[in-house]
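Enquirer: Okay, here's the structure, questions in a sec.
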Amino acid sequence: EQYLWRDKLRLSGTLFYARMVQLIGFDSSLAVVHPRTDPFGRAGGYFNGSGGTSRGVEIEAQLQPRRGTALRTSYTHTNVDNNQDQQVRGFFTGFTVPAHTFTVTTTQQLGRRTMVNADVYRASAYY
């Protein structure tokens with residue numbers, strides 16, 4: 001974290017990396033958990049899958065230009081890879097995590113007991 005402009009601006013960044021040995025997945029499409037191959041005869045449900053890797057970067061800026069006003073924005077890039085093609089054959093990218101996310105939040109205090117907040121969230125495709 002870095003504070004600038006008399007502590008009214010805060011910049012921060014984070015690099016992350018995580019490797020999981022095993023993941024728990026959910027199948028409702030009969031692709032993995034099928035009544036003919038499932039020992040309990042289930043037509044969908046949770047299953048143990050192989051692990052994966054998640055890595056990326058997050059950048060954030062927060063500005064308080066005056067008392068009672070706050071602006072915040074962040075960007076995150078995430079790269080997720082599975083060790084096994086669990087959902088689609090030959091496709092090792094994780095479906096449930098967008099590659100890019102962007103947020104903007106503004107908060108304004110009105111009086112002693114009232115605050116107004118507006119948020120914008122945007123995400124890229126999940127694969």
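Enquirer: Can you name the residue in the stretch 105-127 that is open to solvent by 80 Å² or more (accessible area, probe 1.4 Å) and either aromatic (Phe, Trp, Tyr) or closer than 30 Å to VAL21 by Cβ (or both) and, of all such residues, is modelled with the highest pLDDT?
Expert: Filtering the stretch 105-127 for residues that are open to solvent by 80 Å² or more (accessible area, probe 1.4 Å) and either aromatic (Phe, Trp, Tyr) or closer than 30 Å to VAL21 by Cβ (or both), the one modelled with the highest pLDDT comes out as TYR121.
Enquirer: All but one of (1) modelled with pLDDT of 90 or more; (2) assigned to a loop (DSSP other than H, G, I, E, B) hold for ARG55; state the number of the condition that does not hold.
Expert: (2)
Enquirer: So PHE102 clears everything in (1) modelled with pLDDT under 95; (2) assigned to a strand (DSSP E or B); (3) hydrophobic (A, V, I, L, M, F, W, C) except one condition, right? Which one?
Expert: If we test PHE102 against (1) modelled with pLDDT under 95; (2) assigned to a strand (DSSP E or B); (3) hydrophobic (A, V, I, L, M, F, W, C), just (1) comes out false.
Enquirer: May I ask you to list the residues in the stretch 1-34 that are loosely packed, with under 10 Cβ neighbours inside 10 Å, touching a Lys or Arg at 6+ places or on another chain (Cβ under 6 Å) and at pLDDT below 85?
Expert: none
Enquirer: Scan the stretch 54-64 and tell me whether some residue there is within 30 Å of GLY111 (Cα to Cα), open to solvent by 70 Å² or more (accessible area, probe 1.4 Å) and of a type outside the set (D, E, K, R).
Expert: Yes: the stretch 54-64 contains one or more residues that are within 30 Å of GLY111 (Cα to Cα), open to solvent by 70 Å² or more (accessible area, probe 1.4 Å) and of a type outside the set (D, E, K, R).
Enquirer: May I pose another question? Could you list, in sequence order, all residues of the stretch 61-88 that are more than 18 Å from SER124 (Cβ to Cβ) and at pLDDT 90 or above?
Expert: Result: ALA61, GLN62, LEU63, GLN64, PRO65, ARG66, ARG67, GLY68, THR69, ALA70, LEU71, ARG72.
The values are calculated or read from the model by the stated rules, or taken from the named source; none is laboratory data. It should be emphasised that the depicted structure is a prediction, and the values quoted were computed from it without experimental measurement. In this analysis, Cβ positions are derived from the backbone assuming ideal geometry, glycine residues included, and neighbour counts consider all displayed protein chains. In case anyone asks, the SASA skips ligands and DNA or RNA and just uses the protein heavy atoms, side chains included. Shrake-Rupley method; radii C 1.70, N 1.55, O 1.52, S 1.80 Å.
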